[in-house]
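Quick note: the coordinates plus some simple rules give every number you see, no bench work behind them. What you are looking at is a predicted structure, and each value in this text was computed from that prediction instead of being measured. Positions of Cβ are backbone-derived with ideal geometry, glycine not excepted, and every protein chain shown enters the neighbour counts.
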Amino acid sequence: MVFPVPPLSIDAGIRSPVNTMSECNHCGAHVSERFARVFADEHGDIYACPSCSANAGIAEVARQRARRV
Ligand SMILES: [Zn+2]
């Protein structure tokens, strides 16, 4: 017996393209969607946020951590 593709997965794919609720992978703080879009890597992982790298240069930290993983 062959099951058809579950409609649930199709619906979810359309309604939520990427994770809308983003968290910093480093400290777990919630970050805005815009922030996530800028600093997340291709997997949607965020390695630094204003909470854990306030004045340290977020872009540099994110790039560093992304490269190490
Ligand atoms: Zn953080």
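Here the residues C24, C52, ranked from fewest to most Cβ neighbours within 10 Å of their Cβ, fall in the order C52, C24. Label-to-label distance, R37 versus R67, with points set 7 angstrom from Cα along the beta-carbon direction: 2.7 nm.
Where Lys and Arg each count +1 and Asp and Glu each count -1, what net charge lies around E23 among other residues with Cβ under 13 Å from its Cβ? Before the final figure, lay out each step's value.
Working: positive: none; negative: E33, D45.
Computed value for this residue: -2.
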